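Written below as structure tokens is the structure these notes are about.
Nothing in this text is a laboratory measurement; each read-out follows from the coordinates by a stated rule. Keep in mind it's a predicted model, so treat the numbers as computed, not measured. With ideal geometry, Cβ positions are generated from the backbone for all residues, glycine too; neighbour counts draw on all protein chains shown.
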Amino acid sequence: MTIIEPPKQEPNIGEPEAALTPPEAETRGETENASTLPEAENEGVAQASAEPRGKFSVFSSVQTILAYAFLMATLFTLFSPDNLFSGQMIDRLFEAWQANPTLVAPISTPLPSQPSNRIGIVSGHWKNDSGAICENGLTEEQVNLTIASLVQQYLTDEGFQVDLLQEFDPRLSQYQAIVLLSIHADTCEYINDTATGFKVAAALDSAYPENANRLTNCLIDRYAKVTGLAYKNYTTADMTSYHAFGEVNTETTAAIIETGYLNLDQQILTQEPEKIAQGIVDGLLCYIRNENVDIPQQTTP
Ligand SMILES: [Zn+2]
């Protein structure tokens, strides 16, 4: 799963700055109004029906302007040729639109991205590097993406909100979800006849290490049962110090799975990705639904 770190990108400051800076006159006006705004808004909420129509529309206009400014800021922040027409961009815009009511009714509301129903799936190496490469041209990135997309689909069918994340997805920073799982596969080189099976590692420095342990046990047990692949009871530094573990919010239980070896397990990984995905989904549901799970047996490394 060796990951090639992406080059640091220059932050794209020009456009969003320009979009967010209002003309001078407007700034002055807003500053003047700022001190009276909260009081007036409270009044507006309490006596909306009794207020003269004129006053109400002033606020409604301010709110509309704020709402559009917020949308435009989001639009410009997201604007880049890479994501302009992607589904992700549309999702973000929709989220921004959903978040708008907090501007119209400025009561203290919880953040729009409540983690209670959210699951993050990192598709290993996606949009960063190919990962392991086989002689026949098969890449780990492709294999991971097929599996990760199926996992997303199955979990969505179960009623969860699933984010399919790139290897170095910007959303990983302080990411909040009930669980985050990164999906990888092992090398395509032939090592020896025992280089088969799967590995799991969890982020043990999370806020709740016991949850990380239970997630690991659930994944090991269910994945082995569904796929028939053997659990390899050792992990590499690549796994235990996986970069995303240090990026996500410490409240988010996170783990990484190496689904199998691209050499000896290539058949099942590429021909039966549904089974692989189902094994992962069963493991995640075992964790989320607090199902009983046996402590995994210490199988051969
Ligand atoms: Zn990998």
For a quick protection proxy, order the peptides 244-254, 143-153 by their average other-Cβ count within 10 Å, most packed first.
143-153, 244-254
For a label point 7 angstrom out from the Cα of Glu272 toward its Cβ, which stretches of the stretch 133-168 have the backbone nitrogen within less than 16 Å?
147
How charged is the neighbourhood of Ile3? Take every other residue with its Cβ under 9 Å from the Cβ of Ile3, and add Lys/Arg as +1 and Asp/Glu as -1.
-4
The local net charge around Phe245, scoring Lys/Arg +1 and Asp/Glu -1 for residues other than Phe245 whose Cβ lies under 12 Å from its Cβ, equals -3
Treating only the Cβ atoms of Lys and Arg (+1) and Asp and Glu (-1) as charged, compute the dipole magnitude of the stretch 155-280 about its Cα centre; round to the nearest 20 debye.
280 debye
